[in-house]
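Q: Here's a structure for you.
The values are calculated or read from the model by the stated rules, or taken from the named source; none is laboratory data. Being a predicted model, the structure only gives us computed values, none of them experimental. Because the Cβ atoms are built from the backbone with ideal geometry, glycine has one as well, and the counts that use them run over all protein chains shown.
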Ligand code: AMP
Ligand code: ZN
């Protein structure tokens, strides 16, 4: 079965052949660790995990390298650390370290609970600063970058094919990048490879003074360090095409005699919540962490995979409920499967640019053996206790049931209110009526 993947670089679906079938190499831009990740951030984690599993299935688990970095040098991190430090007399670098460690630990737990395998390597920016400095020197020596007032900038005019991934006209790029027009830049589009740090900002010694790398050079350097000049697949969300991935290409090709950085560029579409763009100000900002308090990770994973990864996706409560119902039904029967098998239909769907909605449709028609095998390939574990253990504490459902019971009591329909109480009790939920209203606890 041949694998076909949509390549953003060519805007078409192409047959995928790795450079070296004994070492298929994939890189996905990882989280910037200063806050809880939201459910949109879970999309690339899940989508590229499915691709990782499919590649392992095709080429053998030991022949696939998946790298997802940790962005622990970033101005949003620095700003948050200064805030956290407040008036305390502690080194802001200590606060940065504590913040990124803590945030990353939560991220690790959250993505593991969503059924994702750990990537082969998870390099940190802070551990690759010497490599970044070396790459920046190479770019300066090649005449592709210049130093100005403690900054080092990439000279976009020197890279003739700059813009080949995003294919945008220059003026649109300038608007899209919200580039700073700074006096030390030759052109507005030139982007930062290195910038100076003041005493309250993390910094490293460099030939250009104490400073820190720009975001784009972090990924270029970590890819080179972990996997060499050219990799097979580079992934991330669609918002990263420009400027982040465009700039990664400019840097890596510039430092590597024009050798391509990645042969396939893959981008997941954006996720909205209940029809609206997620934002802290709208109050619909949903973290993976809080969803996992109420929903089994497998349900969240399944809900994510019901949409094709390139399509925009609407994340809804109704969708999560449907996902839970389907998965519960499947787990009930698939638990008993003794000889799981991967069906042709499922494999064909996944091999066609990771068509997970079609793969799920195939599972609806599959034999029991194929259902079990398909679920496992997609990263679900019907044997796990995960679904069952959360069953008792679906807070959303419980709140609804309490509301319905209160309405029944108000209407003096005690038969109905008792029925609701007993139904919850049968699920292990004990209601308690008190002066503050009705509360509940899980009875074990
Ligand atoms: P960030 O930590 O903001 O750099 O994002 C980490 C990853 O999540 C990147 O690959 C982003 O493209 C992706 N991402 C961020 N927001 C969304 C969203 N709403 N829907 C889908 N992917 C997203
Ligand atoms: Zn990146």
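Q: Could you please find all residues in the range 193-223 being assigned to a strand (DSSP E or B), farther than 11 Å from residue 73 by Cβ and in contact with a helix residue (DSSP H, G or I) (Cβ under 8 Å, 6 or more places away or on another chain)?
A: Residues satisfying the conditions are 193, 194.
Condition check ((1) at positive phi; (2) modelled with pLDDT under 95; (3) touching a strand residue (DSSP E or B) at 6+ places or on another chain (Cβ under 9 Å)) across all residues:
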site: 124; (1), (2), (3): no, no, yes
site: 128; (1), (2), (3): no, no, yes
site: 144; (1), (2), (3): no, no, yes
site: 147; (1), (2), (3): no, no, yes
site: 167; (1), (2), (3): yes, yes, no
site: 176; (1), (2), (3): no, yes, no
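Q: Could you say whether any residue in the range 257-269 is surrounded by fewer than 15 Cβ atoms within 10 Å (Cβ to Cβ), under 19 Å from the mean Cα position of the chain (by Cα), in contact (Cβ under 8 Å) with a residue 40 or more places away in the chain and within 14 Å of ligand 1 (Cβ to nearest atom)?
A: Checked the range 257-269: no residue is surrounded by fewer than 15 Cβ atoms within 10 Å (Cβ to Cβ), under 19 Å from the mean Cα position of the chain (by Cα), in contact (Cβ under 8 Å) with a residue 40 or more places away in the chain and within 14 Å of ligand 1 (Cβ to nearest atom).
Q: For residue 55, are the conditions met, namely being more than 16 Å from ligand 2 (Cβ to nearest atom), buried (at least 22 other Cβ atoms within 10 Å of the Cβ) and within 20 Å of residue 353 (Cα to Cα)?
A: Taking the combined requirement at face value, the residue satisfies it.
Q: Looking at (1) in contact with a helix residue (DSSP H, G or I) (Cβ under 6 Å, 6 or more places away or on another chain); (2) more than 30 Å from residue 300 (Cα to Cα), which one does residue 88 not meet, given that it meets all the others?
A: Answer for residue 88: the failing condition is (1).
Here's the yes/no breakdown for (1) within 11 Å of ligand 2 (Cβ to nearest atom); (2) over 16 Å from residue 154 (Cα atoms):
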site	(1), (2)
208	no, no
225	no, yes
232	no, yes
238	no, yes
245	yes, no
261	yes, yes
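Q: So which residues in the range 1-33 are within 16 Å of ligand 2 (Cβ to nearest atom) and either part of a loop (DSSP other than H, G, I, E, B) or more than 16 Å from the chain's Cα centre (by Cα) (or both), if there are any at all?
A: 8, 9, 25, 29, 30, 31, 33
Q: Residues that are without any contact (Cβ under 8 Å) to a residue 12 or more places away in the chain: which helices (runs of 4 or more DSSP H) entirely in the range 291-356 hold 3 or more of them?
A: In the range 291-356, the matching helices (runs of 4 or more DSSP H) lie at 317-334.
Q: Can you tell which of 369, 430 is buried (at least 16 other Cβ atoms within 10 Å of the Cβ) and either under 26 Å from residue 293 (Cα atoms) or touching a residue at least 24 places away in the same chain (Cβ under 8 Å) (or both)?
A: Exactly one of 369, 430 is buried (at least 16 other Cβ atoms within 10 Å of the Cβ) and either under 26 Å from residue 293 (Cα atoms) or touching a residue at least 24 places away in the same chain (Cβ under 8 Å) (or both), namely 369.
Q: Now, a different point. Could you please find all residues in the range 34-52 being part of a helix (DSSP H, G or I) and within 16 Å of ligand 2 (Cβ to nearest atom)?
A: If the condition is that a residue be part of a helix (DSSP H, G or I) and within 16 Å of ligand 2 (Cβ to nearest atom), then 41, 43, 44, 45, 47, 48 are the ones that fit.
Q: Based on this model, can you work out whether residue 318 counts as crowded, with 16+ Cβ neighbours inside 10 Å and out of contact with any strand residue (DSSP E or B) (no Cβ under 7 Å at 6 or more places or on another chain)?
A: The answer is no for residue 318.
Q: Separate question: Are any of the residues in the range 19-27 within 15 Å of ligand 1 (Cβ to nearest atom), modelled with pLDDT of 95 or more and surrounded by 23 or more Cβ atoms within 10 Å (Cβ to Cβ)?
A: The answer is yes; a qualifying residue exists.
Each row is one residue, and each column tells you yes or no for (1) over 26 Å from residue 241 (Cα atoms); (2) at pLDDT below 95; (3) within 21 Å of the chain's Cα centre (by Cα); (4) within 16 Å of ligand 1 (Cβ to nearest atom).
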position: 42; (1), (2), (3), (4): no, no, yes, yes
position: 49; (1), (2), (3), (4): no, no, yes, yes
position: 53; (1), (2), (3), (4): no, no, yes, no
position: 61; (1), (2), (3), (4): yes, no, no, no
position: 84; (1), (2), (3), (4): yes, yes, no, no
